[in-house]
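Inspection log for the structure reproduced underneath, given as structure tokens.
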Amino acid sequence: MARYVMLLVAVSLVSVQASWGGWLDSVVESATKRAVENVVNRTVGESSDAAYDKAKQGAGGDSGNDSQNKDEAKSSVSEGKSESSGSSTADEKAYSKYDFIPGGKVIFFDDFSDTDVGEFPRKWTLKGPDGGGNAVEVVEYQGKRFLRSAPTPNQMQATQYIRLNQKGDLPEKFTVEFDAVLSYPNESVPHYANAYILKFGKDGNQVGEIFISGRECKSENTRSEISMADNRVHHVAVSVNGTFVKAYVDNQRVIIDPVGFLRPVNLVGIGLESNNRNSSDKLMFTSFRLAEGGKDIKSALATDGKIVTHGILFDTGKDVIKPESLPTLKMILGILNGDSGLKFSIEGHTDNQGGKSINQPLSENRAAAVKVWLVDNGIDAGRLATKGYGDEKPLSSNDTAEGRANNRRVEFVRK
């Protein structure tokens, strides 16, 4: 019998006064109502440039990174040549209805690269509306570090919240992203699933949550399924505008809910749960990114004379545009098509990890790849120039993971 996993995503409102049993029942009921449809089976690479930190540190002499990453980071920029001008047609087709654009200013980011294996990350806390539960620790998995819960039978969920000194409400517009492994607990319990519960709260009260479940289903099940026999890493993304919530799994939008939230919100956490309290060793996440929504594009262009984007993503250490970049690229394409006199200088920027010998040519090649994509999609090449600034023009301090994430960007400057 084939093994499958089904991703279920739901938004439900609960209070901390609710009992555990009632809370779980309401989550499962809500999740069932919002069963994901038509999720495409594909491997999702590393979100944003988070893992590029590791590759560049390796090229700079960090003995903790492997030589493959070092060679990969160097080979892409040798002689200033691009390996590829963009993502494949097949990938673009798969992402044709994907419209998620990451927030423009990173508020919190953690890929656990600064946490030792076996430890609990310092940027998280067990204090919150329902913090605590079974033990969690940082582990190495598929070349990255994850925060993993490994519950034994009859243990409750593990819930941790980011250390966020947020007074009042989060920004009206914000996004949350993370990569997750959603495997089934074991072969003897085919209908129970691991679960991730993205939680939001206000001063000790839970005000909203998004439930993501990985489940092994019978092959005759008519609901949407994704094969998880190989324990793939899936990308989860959530966009919030006021109380309006949209959620995505891999390349599919799976929730549109105009009242998926109560405001205000100043707590963000994630719960790791093995349904029916089964044991599991594949319940983990990484690259958790919370970001404020960016300026309205037309307003930014009018007031600042440029558009700063963080949604154009590349393969690690290379100038190959990832298909997740399509919403941002199409937004820029639409602006150019709407104003035939508009010209842009496309400018690539990096953080300061790895040194100028890598950062400078890489930023140039990435800017050039964006130009190639726009020209391939009908924009006159004469309207576009390209520049690479490496780490010369940071938006934030490079001393923090959040600052480095803000500094990795592509800007479109009016000419």
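The values are calculated or read from the model by the stated rules, or taken from the named source; none is laboratory data. Bear in mind that the values here come from a model prediction, so they are computed numbers and not experimental data. Glycine gets a Cβ as well: all are built from the backbone with ideal geometry, and neighbour counts include every protein chain shown. The area values use the complete protein model at the heavy-atom level, side chains included, leaving out ligands, DNA and RNA. Shrake-Rupley method; radii C 1.70, N 1.55, O 1.52, S 1.80 Å.
List pairs: first in the range 279-291 and more than 16 Å from Gly133 (Cβ to Cβ), second charged (D, E, K, R) and outside any strand (DSSP E or B), Cβ under 7 Å, 6+ apart or cross-chain? As it stands, the answer is Thr286/Asp111; Ser287/Glu46; Ser287/Asp111, since those pairs meet every condition given.
From the list Gln353, Gln360, the lone residue that is touching a Phe, Trp or Tyr at 6+ places or on another chain (Cβ under 9 Å) and either among the charged types (D, E, K, R) or assigned to a loop (DSSP other than H, G, I, E, B) (or both) is Gln353. Among what's in the range 340-367 and is modelled with pLDDT of 95 or more and acidic (Asp, Glu), pick the residue that is nearest to Glu411 (Cα to Cα). Among those that are modelled with pLDDT of 95 or more and acidic (Asp, Glu), it is Glu347.
In the set Asp203, Asp179, Asp169, which member is modelled with pLDDT of 85 or more and open to solvent by 10 Å² or more (accessible area, probe 1.4 Å)? Write out each step before concluding.
Values: Asp203 fails: modelled with pLDDT of 85 or more; Asp179 fails: open to solvent by 10 Å² or more (accessible area, probe 1.4 Å).
Only one candidate qualifies: Asp169.
So, Lys371, is that one of a type in the set (Lys, Arg), over 16 Å from Leu326 (Cα atoms) and open to solvent by 30 Å² or more (accessible area, probe 1.4 Å) or not?
No; evaluated as a whole, the condition is false for this residue.
So, Glu187, is that one of a type in the set (D, E, K, R), in a loop (DSSP other than H, G, I, E, B) and modelled with pLDDT under 80 or not? Taking the combined requirement at face value, the residue satisfies it. Annotation note: Cβ proximity below 6 Å between a residue of the range 297-309 that is among the polar types (S, T, N, Q) and a residue that is surrounded by 13 or more Cβ atoms within 10 Å (Cβ to Cβ) (sequence gap 6+ or interchain) occurs for Thr309/Thr328; Thr309/Val410.
For the range 337-360, give me each residue that is surrounded by fewer than 21 Cβ atoms within 10 Å (Cβ to Cβ) and in contact (Cβ under 8 Å) with a residue 24 or more places away in the chain. Within the range 337-360, Asn337, Leu342, Lys343, Ser345, Asn352, Gly355, Lys356, Gln360 qualify.
What strands (runs of 3 or more DSSP E) lie completely within the range 230-299 and have 1 or more residues being modelled with pLDDT of 85 or more, open to solvent by 10 Å² or more (accessible area, probe 1.4 Å) and among the hydrophobic types (A, V, I, L, M, F, W, C)?
Values: elements: 233-241, 244-249, 252-257, 267-274, 283-292.
By residue number, 233-241, 244-249, 267-274.
Here the condition is being more than 26 Å from Phe108 (Cα to Cα) and open to solvent by less than 20 Å² (accessible area, probe 1.4 Å); of Ile321, Ile379, it holds for Ile379 alone. So in the range 105-149, with the set limited to residues that are open to solvent by 60 Å² or more (accessible area, probe 1.4 Å) and among the basic types (Lys, Arg), which one is modelled with the highest pLDDT? Restricting to residues being open to solvent by 60 Å² or more (accessible area, probe 1.4 Å) and among the basic types (Lys, Arg), the top hit is Arg122. Contact map, the range 190-201: residues that are more than 20 Å from Gln160 (Cα to Cα) and of a type in the set (Asp, Glu) paired with residues that are surrounded by 23 or more Cβ atoms within 10 Å (Cβ to Cβ) and modelled with pLDDT of 65 or more, Cβ distance under 8 Å, separation 6+ or inter-chain. No pairs are found. Cβ-Cβ contacts under 7 Å between residues 6 or more apart (or on different chains), taken from a first residue in the range 256-272 that is in contact (Cβ under 8 Å) with a residue 60 or more places away in the chain and at positive phi to a second residue that is among the small types (Gly, Ala, Ser) and part of a strand (DSSP E or B), are absent.
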